[in-house]
Each structure stands twice: as structure tokens, then as C-alpha cells.
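The numbers here are math on the coordinates, done by the rules we state, and not lab data. Please read these numbers as outputs of a predicted model, since none were measured by experiment. So basically every Cβ, Gly included, is an ideal-geometry build from the backbone, and we count neighbours across all protein chains shown.
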């Protein structure tokens, strides 16, 4: 791994190290019980140094949510761009997104609280980020229909609403699944049911 070449790179590297430490602390203690001191200790820096980077715990959490969301979207888009069976790539992209964004806290006893905090503190960010992912996934479905792989002519849904409804269903899966393995299995099953409805 190459060393950061300038101050911006070094600052970003420090932030990412704090995010990694903070994600583990939040998963262990939950948002409300976690203190800035807990995060500073986990990151191996002083509390004053942490406050130079983030104004408060809420700001740190928002930054963490934005960082993980962007990571998840970029990796999902990379999977979506692969050549191969559209349905397989589509499902793999969803699983990759959830692997980066949701699964790190899925098995935490505080997972539900952390997802709620993400929604309350970063709702606008979440909507914008997910909107870009939904657009890309809908385009994949539209392209597949144009290529004769899928058929939406008998579906009450257009590709964009299809994707949005699927992700709404994934929210329910998160509440029902008892562990990560079950979550991934249910995500795949749900996506397959949706895709079967527009298969030729």
C-alpha cells in the first residue's frame, strides 16, 4: 500500500482510520453509550485530536455513514458493470452493497439502533446516495429489457419503481433476519422473486 503523498491524503487516511475504529465501537456499545473518548482510545489518538477532526459524536457518525454509503455504492456499481448474466450481476450488486453498508453492524445487538440513527442523522444523504444507486440499477434493468433479457410489458412496475420497491422489501428483511447468513439468503430469495416476475 502506497503512503499518502500530500496533506489531503494524510488527512483522509486519518479520518478513515477513525471511521474504522468508530464503527467497531458503535457496534459494541451502540450510538448512545459510545463517547468520543471511547472512539479516541480505539483509534489510538487523543480526545483533543479527535475533536480537531470532528465537532461532536453526531458529526463523526454522519461522516462515517457517508463514507460507508459511498464505499457501498461504488463497490455495488463495480459489480453491476461486470459482463455476464444480468440477473446474477443485479443480485450480486445488491449483496455487495449490503455487505459494505449494512452487514458490519448486522450482528451487533445495537444494529437496529444504529440504522435508526443513520436514518435520523443522515436521511438526506441516504436518500441522495440510494437514489443514485437506484438509478444505476434501473438502467441495468432497462438495458436488459432492450437486449431482450427481461420483459416489463406485463409488469405494473417500471424499472425504477421495481428497484425502489425491492429495496423497500429489503428493509423488512433486515428486521426479520436473525443473522448475516440468513439475511444474505433472504436478500437473494427476494431479489430472485422480483426478477422472476419480469423474466422472459
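Extension gain for residue 167 to residue 49 (0.36 nm times residue separation, less C-alpha to C-alpha distance): 38.6 nm. At full extension, residue 20 and residue 185 could sit 56.7 nm farther apart than now, given 0.36 nm per residue minus the alpha carbon distance. With both labels modelled 7 Å from their Cα along Cα-to-Cβ, the residue 35 to residue 10 distance reads 3.0 nm. For the chain, take the longest principal axis of its alpha carbons; what is the angle in degrees between that and the long axis of helix 86-101, to the nearest 10 within 0 to 90? Here the helix axis deviates by roughly 20 degrees. Between 111, 78, 148, the GNM of the chain built on Cα springs shorter than 10 angstrom shows 148 fluctuating the most. Here the spin labels are modelled as points 7 Å beyond Cα on the Cα-Cβ line, and at residue 199 and residue 107 they lie 3.1 nm apart. Going by alpha carbons, how many degrees (0 to 90, nearest 10) lie between the helix axis of 111-146 and the longest principal axis of the chain? Its long axis makes an angle of about 30 degrees.
Of the residues 99, 70, 37, the one that moves most in a GNM of the chain with alpha-carbon contacts below 10 Å is 37.
Gaussian network model of the chain, Cα springs within a sub-10 Å range: biggest mean-square fluctuation belongs to which of 112, 147, 22? Of 112, 147, 22, the Gaussian network model singles out 147 as fluctuating most.
With Cα atoms as the point set, segment 66-193 shows a radius of gyration and Dmax of 14.6, 45 Å. What's the angle, to the nearest 10 degrees (0 to 90), between helix 7-29's Cα axis and the longest principal axis of the chain? Its long axis makes an angle of about 80 degrees.
Once a ≥ b ≥ c are taken as the square roots of the eigenvalues of the Cα gyration tensor of segment 1-126, is the result rounded (a/c under 1.5), prolate (a/b larger than b/c) or oblate (a/b not larger than b/c)? Cα axes put segment 1-126 in the oblate bin.
So what is the 222 nm mean residue ellipticity for the chain from helices alone, if each DSSP H run of at least 4 adds -39500 (n - 2.57) and you divide by all residues, rounding to the nearest 500 deg cm²/dmol? Roughly -25500 deg cm²/dmol at 222 nm, from the helical runs in the chain. Between residue 176 and residue 81, the contour length at 0.36 nm per residue exceeds the Cα-Cα span by 31.2 nm.
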